[in-house]
Amino acid sequence: MMQFSQQLKDEQGVVDAAIVMGTDLNKNTLKNMDLLTEDGISATENDTLISINCQDENSLNSAAQKAEQLLVSDSAKTKNEFNDLSSALDSFSNANIASLSIPGQFVKEMAMELIKKQLHLFVFSDHVPLEDEIYLKNLALENNVLFMGPEAGTTILNGTVFGFGNRVRKGSVGIIGASGTGIQESSTLIDLFGEGISHAIGVGGRDLRNDIGGMMTMKAMEIFENDPNTKAVLLVSKPVDNNIRNKIINKINNFSKKNYVLCLVGDNENREDSARIKFSKSIQTSVLKILKSLDDNVYKKANDAVRNQVNDSIKLAESLSKDLNDEQKFVRGFFAGGTLCYESKIILEQMIGKVYSNLSSDDEYSIKGNVSSKENTLIDFGEEEFTSARPHPIIDPLLRKNRILEDANDPNVGVIIIDIICGINAAKNTMAFHAETIKKAIQTAKEQGRKLSVFAYICGTEKDVSENELKLLTDSGAKLFTSNALMSFAAALVVNKSDENLIKKIRAEFLEGELI
Amino acid sequence: LIPNTLRVINIGLRLFYQSLTEQKIEAVHVNWEPKPKLEKEVEDILDKIDD
């Protein structure tokens with residue numbers, strides 16, 4: 001249904017569209033999108049709702065025709081498509097992995113059957129009950145297979161991307177990620193600096209919680225331990241409970257022959273590196289540390305490049321800061337990647353104070369993503385309020401576009417920051433789409449007599465993004481960054497001149513990984 | 001443990017199936033749909049037929 005909605009939105013003259021089942025949840029989402037009509041209100045969960053907002057009547061007629069074609073056409077079906085799992089298993093022998101992207105409440109039944117047939121699972125589905133995840137991960141361990149998920153955004157096995165991912169070169173770094181965009185940023189940075197990855201195993205955002213106990217993280221560590229192509233392992237996650245962290249550290253110290261970097265994004269403690277285990281608070285520093293453990297020359301080159309970028313960003317921020325008027329005091333950030341939003345929040349809060357966010361655990365600063373921004377605000381568009389009836393913002397960036405344009409009208413905003421996730425399964429023409437949005441946002445502020453800065457972190461390799469696409473973005477007026485941490489640091493500097501010691505601290509902890 | 005040659009069953013989003021085939025991976029797709037929600041009375045009758 002979601003893909004049909006997207007195809008409908010690509011039609012000429014269509015402003016927004018959705019094809020959904022008429023559940024209360026979906027109707028509520030349509031209401032928030034301004035797509036719920038009188039007929040829609042009376043729909044039941046046995047009805048399919050087609051709601052289209054068009055520029056004119058002709059566009060509406062052709063879009064309605066297209067919707068009908070999409071729903072009734074069987075033409076796209078090929079010999080490799082089946083209506084049920086048992087037919088697929090009968091016809092496709094020796095399958096060794098399954099990719100699941102069905103609603104979470106249906107995952108258990110399907111996954112049990114697949115695990116018992118010794119298939120590894122990549123589980124993109126969200127809303128899988130916690131007790132189902134615990135049960136299924138135990139079952140997977142008994143059957144010696146991986147259960148990668150749920151809510152796994154990214155996995156890369158032998159160069160093949162599951163979910164969202166980038167075209168990164170093969171190499172000697174193994175990645176274990178409790179975060180999809182954490183895997184994406186780290187793998188693309190490793191590629192940028194000339195190294196590559198063996199596999200990237202997404203374990204799901206809850207795997208390192210106490211109740212799951214890191215079951216799949218431990219399994220992935222064993223895989224990398226026995227993989228001759230993997231020389232060093234990077235683990236990316238939000239901060240984890242002490243006992244889980246100790247469990248991982250003990251396992252590395254007692255059983256591992258490989259070097260590890262534990263990237264606990266936004267960790268509020270300073271942890272001491274040992275010969276075997278290095279710690280990092282940001283994705284960028286974790287990549288530098290993993291390169292250092294592999295090849296000193298590659299590391300030195302990467303570190304020089306990062307230092308130059310940091311110095312350039314400080315100069316850029318100083319210059320943009322002069323263009324702001326006295327009212328333009330705040331940063332707004334709109335993210336497709338949850339971990340990137342979280343990392344940005346940690347950096348901004350250290351540099352410019354508390355941030356309103358739908359990721360905030362502080363009641364005073366926690367806001368729903370779909371309410372208007374206040375002061376400094378960062379919104380993760382991958383949260384439930386946006387994705388319950390629409391595709392993830394990496395596939396469908398429309399809601400974020402609307403929000404960028406809304407906040408460009410706010411006279412208190414100095415900088416807007418965004419991540420643009422490119423690569424496999426990302427929205428088609430995402431660079432052109434964002435270039436147009438950014439151009440419009442800057443123009444809107446200009447017409448109101450302000451100079452607005454828009455910063456974009458591009459998550460993609462040179463195989464994902466063409467020179468022409470990058471040019472479209474720079475021509476739009478956007479300032480581009482190669483890491484999320486660097487973009488966040490520069491944005492904070494634009495609205496608030498930080499003291500030298502604070503800059504030094506952020507450089508060490510989030511940008512370069514060691515004291516300079 | 002990770003197979004060198006991947007053979008994938010994709011269940012759910014067709015987009016993911018398409019991207020796997022574009023990456024030259026052998027894959028099949030299952031057009032998954034939730035079971036229709038039936039009136040209790042109809043469900044009971046079907047259960048009896050099953051028995």
Residues of chain A: accessible area per residue at 1.4 Å, in Å²?
42
Surface accessible to a 1.4 Å probe, B:E22 within the full protein complex, Å²:
140
Search the structure for amide H atoms under 5 Å from the amide H of A:G202, placed 1.01 Å from N in the peptide plane, and list their residues when 5 or more places away or on another chain.
A:I156, A:G177
Can you work out the Karplus-derived ³J(HN,Hα) for every residue in segment A:63-68? Use 6.51 cos²θ - 1.76 cosθ + 1.60 with θ = phi - 60°, whole Hz, and x for glycine or proline.
5, 5, 4, 4, 4, 5
Quick one: compute the contact order of segment A:367-516, relative version, from alpha carbon pairs under 8 angstrom and 6+ residues apart, as a percent.
20
Per-residue HN-Hα couplings for segment A:424-434, Karplus 6.51 cos²θ - 1.76 cosθ + 1.60 at θ = phi - 60°, whole Hz, x for Gly and Pro?
5, 6, 6, 4, 5, 6, 4, 5, 5, 4, 6
5 angstrom amide H check on A:D16, placed H, neighbours 5+ away
A:N53
Summing both sides, how much accessible area is buried between B and A? Use a 1.4 Å probe and give Å² to the nearest 100.
3500
Among A:Q55, A:M215, A:V236, the residue whose Cα sits farthest towards the positive end of the charge dipole of the protein assembly as shown, when +1 is placed on the Cβ of each Lys and Arg and -1 on the Cβ of each Asp and Glu, is A:V236
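So how do A:V15, A:V265 rank on accessible area, 1.4 Å probe, biggest first, that is with the largest at the start?
Heavy-atom accessible area, descending, gives A:V15, A:V265.
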Grab the DSSP H runs of the protein assembly as shown that are 4 residues or longer, score each as -39,500 (n - 2.57), total them, divide by all residues and round the 222 nm result to the nearest 500 deg cm²/dmol.
-13000 deg cm²/dmol
Between the alpha carbon centres of segment A:316-333 and segment A:173-207 the gap in Å comes to 33
For segment A:103-134 and segment A:245-283, what is the separation of their C-alpha centers, rounded to whole Å?
29
Total charge dipole magnitude, chain A, about the Cα centre, Cβ charges on Lys, Arg, Asp, Glu only, Debye to nearest 20:
1820
Taking the Cα centre of segment A:1-151 as the origin, how large is its charge dipole in debye, to the nearest 20, when only Lys and Arg (+1) and Asp and Glu (-1) carry charge on their Cβ atoms?
560
1.4 Å probe, heavy atoms, protein only - residues of segment A:417-433 losing at least 50 Å² accessible area vs chain alone
A:N425
Mind listing the phi-derived Karplus ³J(HN,Hα) values for segment A:196-202, rounded to whole Hz, using 6.51, -1.76 and 1.60 with θ = phi - 60°, and x for any glycine or proline?
x, 10, 7, 9, 10, 10, x
How charged is the neighbourhood of A:G171? Take every other residue with its Cβ under 9 Å from the Cβ of A:G171, and add Lys/Arg as +1 and Asp/Glu as -1.
+1
Once amide H atoms are built 1.01 Å from N in the peptide plane, which residues 5 or more positions from A:S483, or in another chain, come under 5 Å H to H?
none
Mind checking which aspartates and glutamates have their Cα closer than 16 Å to the Cα of A:K9? Skip sequence neighbours fewer than 8 apart in that chain.
A:D34, A:D56, A:E57, A:E68, A:D396
Determine the gain in length on full extension of the stretch A:S366-A:E113; use 0.36 nm per residue of separation and subtract their C-alpha separation, reporting nm with one decimal.
87.1 nm
Just the number, please: carbon plus sulfur as a percent of the accessible area of chain A, 1.4 Å probe, no ligands or DNA/RNA counted.
45
Total charge dipole magnitude, segment A:82-230, about the Cα centre, Cβ charges on Lys, Arg, Asp, Glu only, Debye to nearest 20:
280
Calculated log₁₀ intensity ratio I(q)/I(0) where the Debye formula runs over C-alpha points of the protein assembly as shown, q = 0.05, 0.09 Å⁻¹
-0.21, -0.69
At 1.4 Å probe size, what's the solvent-accessible area of A:E57? Round to the nearest 10 Å².
140
In segment B:3-26, accessible area falls by at least 50 Å² from chain alone to full assembly (1.4 Å probe) for B:L6, B:R7, B:I9, B:I11, B:L13, B:R14, B:L15, B:F16, B:Q23
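The values are calculated or read from the model by the stated rules, or taken from the named source; none is laboratory data. Everything quoted here is computed from the prediction, not taken from an experiment. All Cβ positions, glycine included, derive from the backbone under ideal geometry; neighbour counts span all protein chains shown. Remember, those area values only see protein heavy atoms, side chains included, never the ligands or the DNA or RNA. Shrake-Rupley method; radii C 1.70, N 1.55, O 1.52, S 1.80 Å.
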